[in-house]
Each structure stands twice: as C-alpha cells, then as structure tokens.
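The values are calculated or read from the model by the stated rules, or taken from the named source; none is laboratory data. Owing to the predicted nature of the structure, the values given are computational and were not obtained by experimental measurement. Cβ placement follows ideal geometry from the backbone for every residue including glycine, while neighbour counts extend to all protein chains displayed. Just the protein is used for accessible areas: all its heavy atoms, side chains included, with ligands, DNA and RNA removed. Shrake-Rupley method; radii C 1.70, N 1.55, O 1.52, S 1.80 Å.
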Amino acid sequence: MSDPLNPEDINVGDSPPSGELQPSEETPASPFAESGQVLQKMREQIRRVLYGQDELLDEILAALVAGGHVLIEGKPGLGKTHLVLALAKTFGGQFGRIQFTPDLMPTDVTGHTLFDMSSQTFRMRKGPVFTNLLLADEINRAPAKTQAALLEVMQEAQVTIDGESHELAPPFMTLATQNPIEQDGTYPLPEAQLDRFLMKVLMDYPGKTDEVAVVREAAGGVGGRGLDPRAVETVCSPEEIIKAQETCSSLECVNSVVEYAVDVVRATRDASGVSVGAGTRGAIGLVRAGKAYALLDGRGFVTPADIKRATLPVLRHRITLSAELAIAGQTPDSAIRSIIDSVEAPRQ
C-alpha cells in the first residue's frame, strides 16, 4: 500500500495529476446505481419471508419503479397477500386493503360524503384507496361495477367523489390478487380494467426445498405465523421510491429497442391462433417495464433482453387466444413465446 500524501507536500493551487482524484474524493455513484441498490435492499428483505418466488418478486419491484399496477393470479394459500404486506413494510408507506366480495359497493372502495349532524355540514369519508400501496384482495370476486371503481384511481391517481376530484399522494400502486377464473364465485375482469394493469404475474407452487423451508419457518411461530411480514425491515422511504421512479423514466432507451418493442406488439395482432392482439398501451408497457428491469440491474440503458424479459408479464393479459387454441389447452404464455422467437431482436 502506498504512503498517504502529506498535506505539506501539496502547494495550494496545485491540480491533481490528469485522470486521478484527490485522496479525499470519491467517485459519486450514478442515480441508476443508487436506485438499483435501494431495490436490491428491498428484494433482500422480502426474501426473508417469501421463498421460491424470485422472478415474481422482480416483476413486482419492476412494476413499482415503473409506476404501474400489478394483477397477481394464483391459487389460495401461496402467499400473495403475504408478499404485498412485506413490500409495504420495506418502504414504510401507507398501506390499505380491500377484501372484494360480491356485495361490495363502489363507494366502499373510493369513499363517499355523509352529513355530519353535529356540524350540520357534509364531510367526506375517504375510502381505502387513499394510500400508497393498495391491496385489492380477490378482485374478481366482486361484480364489474365494483371493479370499475378502481379505473380512475389506477389511471389518473385521483378519486372523484360527488363531482370533486381528490389526488392521491405518490407513490401509489395497486396490487390486485385474483383466483383462477375457473373457480366458483369469480367474475372475469372487464377488458378496460385489465388494461390498467402494467403486468399480470403468475404465482405458482414453490419447489420442494423452498416449500419445506416455508412450512418449517411458518409452523415455528405461534399460530403458524412464523413468517411474519412485520419482521421485514424498512430500508427506504416513499420519497426514495418516487426518486427511483423518476430515475426509471429518465433511463435511456434507444430507438432500435423501442422499435423492437413495437414489432413484438404488432406481431401479436397477426399471430396465428391469437384472435385479439395487444394495443399500443402494450408497447408502452414493454418499454416502461424494460427500463425498470435495467434499473434493477443498476444500468442506465435498456437492452433487447430487458424487453424480452418483460413480454410475458406485460402482454399475457392483453391478448386473447382463438377458441381452437384455448380448447387445445394452449396458453397466452406459449403463444407469446412463439411470437418472441419470430421477431428479430436488434443487435447491441
């Protein structure tokens, strides 16, 4: 190791040698690297209580910094609610939850005005959507009119009650869980509602090793609550999430990569076996998610690989298979994979 510089050996006004820094100076981290480090800390905390769902976790974090909403589909008991609770704890934001049921009314979601007898005036009672992170649990157990109560808040980040609009404090994100549509007592989400979600992610059974770990840890707590989301540490603030979202939106995406995202979406409209392809909002979602995946890696630019990684969660709820393929047991995921293989990606 070289000897430290003696301050007396340096004349006032001397400049450091070309290409070198003063010993007391440090190269500042780029905003992309800083945001990537924040997301890495959140990922590490959530993984303390959620096993075997790493790709799903990255999809959720990508949607958060992209400023989008997520629809999580999976059978009951896989930890969907557990994941959302842990995510809320990591950034210390306000958390709201709505349990969707067939008798839930739109005003139960958004809020309403009521007459206060003591003051003889009308006052607003805010609904659970006035929060940072909203969990819409089992959203497809409520009818379409109640599901539609989320349309404005998801698109505009505001709620209109009795003709008056009320903005929500950023950051705002909706994570809706739904059970597979084949289950009894479920309603399909309207197309307009589906289109408001940046991503639809699938939560499947964990592998055996992870499932053994889940059972061991959960059964080790009182009442089977050994994996408690409240044990997750808060590692950042809502302001840092907003900063990460701003950094994500400013991230570079060259024209060739944007054209690639558009080509993938346009290919869904002509693909064999796809009756309804994705719209322009799907291409916008691919670029937004691609930027978020780049940020997760601490990079300041988007690659075609980021777009490819985003295609399944961003497009699977935006295409409709023909009846023939659906009857044959094909899925949107298999159709999208074929489309990706057919579209040439730009060279780096």
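Of everything in the range 261-295 that's among the hydrophobic types (A, V, I, L, M, F, W, C) and modelled with pLDDT under 95, which residue is surrounded by the fewest Cβ atoms within 10 Å (Cβ to Cβ)?
Let us first name the residues in the range 261-295 that are among the hydrophobic types (A, V, I, L, M, F, W, C), namely 261-262, 264-265, 267, 271, 274, 276, 278, 283-284, 286-287, 289, 292, 294-295.
Narrowing further to those that are modelled with pLDDT under 95: 271, 274, 276, 278.
Details: Ala271: 18, Val274: 21, Val276: 13, Ala278: 27.
For the range 261-295, the residue satisfying everything is Val276.
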Original post:
Just one of the numbered conditions (1) touching a strand residue (DSSP E or B) at 6+ places or on another chain (Cβ under 9 Å); (2) of a type outside the set (S, T, N, Q); (3) loosely packed, with under 12 Cβ neighbours inside 10 Å is not true of Gly207; which one?
Top reply: (1)
**OP:** Kindly check whether there is at least one residue in the range 210-224 that is crowded, with 17+ Cβ neighbours inside 10 Å, among the hydrophobic types (A, V, I, L, M, F, W, C) and in a loop (DSSP other than H, G, I, E, B).
**Re:** no
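In the range 57-79, which residue that is part of a helix (DSSP H, G or I) and open to solvent by 10 Å² or more (accessible area, probe 1.4 Å) is farthest from Lys208 (Cα to Cα)? Give the steps one after another, and end with the answer.
Step one: list which residues in the range 57-79 are part of a helix (DSSP H, G or I), which gives 57-66.
Applying the additional criterion that residues be open to solvent by 10 Å² or more (accessible area, probe 1.4 Å) yields 58-59, 66.
Working: Asp58: 21, Glu59: 22, Ala66: 32 Å.
That would be Ala66.
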Subject >> Members of the range 319-336 found to be open to solvent by 70 Å² or more (accessible area, probe 1.4 Å) and either part of a helix (DSSP H, G or I) or charged (D, E, K, R) (or both), listed by number >> reply: Glu324, Ile327
Subject >> Test result for Thr177, crowded, with 19+ Cβ neighbours inside 10 Å and modelled with pLDDT under 90 >> reply: yes
**OP:** Could you tell me whether Thr146 is open to solvent by less than 20 Å² (accessible area, probe 1.4 Å), of a type in the set (Ser, Thr, Tyr) and part of a loop (DSSP other than H, G, I, E, B)?
**Re:** no
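Hey, does the range 108-116 have a residue that's hydrophobic (A, V, I, L, M, F, W, C) and free of Cβ contacts under 8 Å to residues at least 12 places away in the same chain? Write out each step before concluding.
At the first step, the residues of the range 108-116 found to be hydrophobic (A, V, I, L, M, F, W, C) are 109, 114-115.
Narrowing the set further to residues that are free of Cβ contacts under 8 Å to residues at least 12 places away in the same chain leaves 114-115.
Yes, the range 108-116 has at least one match.
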**OP:** Find the residue count for the range 150-178, including only residues that are in contact with a Gly (Cβ under 8 Å, 6 or more places away or on another chain) and farther than 30 Å from Cys236 by Cα.
**Re:** 1
**OP:** Please give the number of the condition Ala244 fails out of (1) in contact with a Cys (Cβ under 9 Å, 6 or more places away or on another chain); (2) open to solvent by 80 Å² or more (accessible area, probe 1.4 Å); (3) of a type outside the set (Val, Ile, Thr).
**Re:** (2)
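So which residues in the range 228-278 are part of a helix (DSSP H, G or I), of a type in the set (Ser, Thr, Tyr) and closer than 28 Å to Leu50 by Cα? Let's see the steps before the verdict.
Step one: filter the range 228-278 for residues part of a helix (DSSP H, G or I), giving 229-231, 238-249, 255-270.
Checking which are of a type in the set (Ser, Thr, Tyr) leaves us with 247, 249, 256, 260, 268.
Across the range 228-278, the qualifying residue is only Thr247.
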Original post:
Taking into account only those residues within the range 186-204 that are open to solvent by 90 Å² or more (accessible area, probe 1.4 Å) and of a type in the set (Asp, Glu), which is nearest to Ala283 (Cα to Cα)?
Top reply: Glu191
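Residue by residue, here is whether (1) at pLDDT 90 or above; (2) hydroxyl-bearing (Ser, Thr, Tyr); (3) not in a helix (DSSP H, G or I) holds:
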{"residue": "Thr81", "(1), (2), (3)": "no, yes, no"}
{"residue": "Leu114", "(1), (2), (3)": "no, no, yes"}
{"residue": "Arg123", "(1), (2), (3)": "no, no, yes"}
{"residue": "Pro128", "(1), (2), (3)": "yes, no, yes"}
{"residue": "Leu134", "(1), (2), (3)": "yes, no, yes"}
{"residue": "Gln155", "(1), (2), (3)": "no, no, no"}
Subject >> Which numbered condition Glu233 fails, given (1) modelled with pLDDT of 90 or more; (2) of a type outside the set (S, T, N, Q); (3) farther than 22 Å from His82 by Cβ; (4) in contact with a helix residue (DSSP H, G or I) (Cβ under 7 Å, 6 or more places away or on another chain) >> reply: (3)
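Please work out which residue is surrounded by the fewest Cβ atoms within 10 Å (Cβ to Cβ), limiting yourself to the range 297-318 and to residues that are part of a helix (DSSP H, G or I) and hydrophobic (A, V, I, L, M, F, W, C).
Of all residues in the range 297-318, those part of a helix (DSSP H, G or I) come to 304-315.
Among the residues that remain, those that are also hydrophobic (A, V, I, L, M, F, W, C) are: 305, 307, 310, 312, 314-315.
Values: Ala305: 15, Ile307: 28, Ala310: 28, Leu312: 19, Val314: 34, Leu315: 26.
This residue is Ala305.
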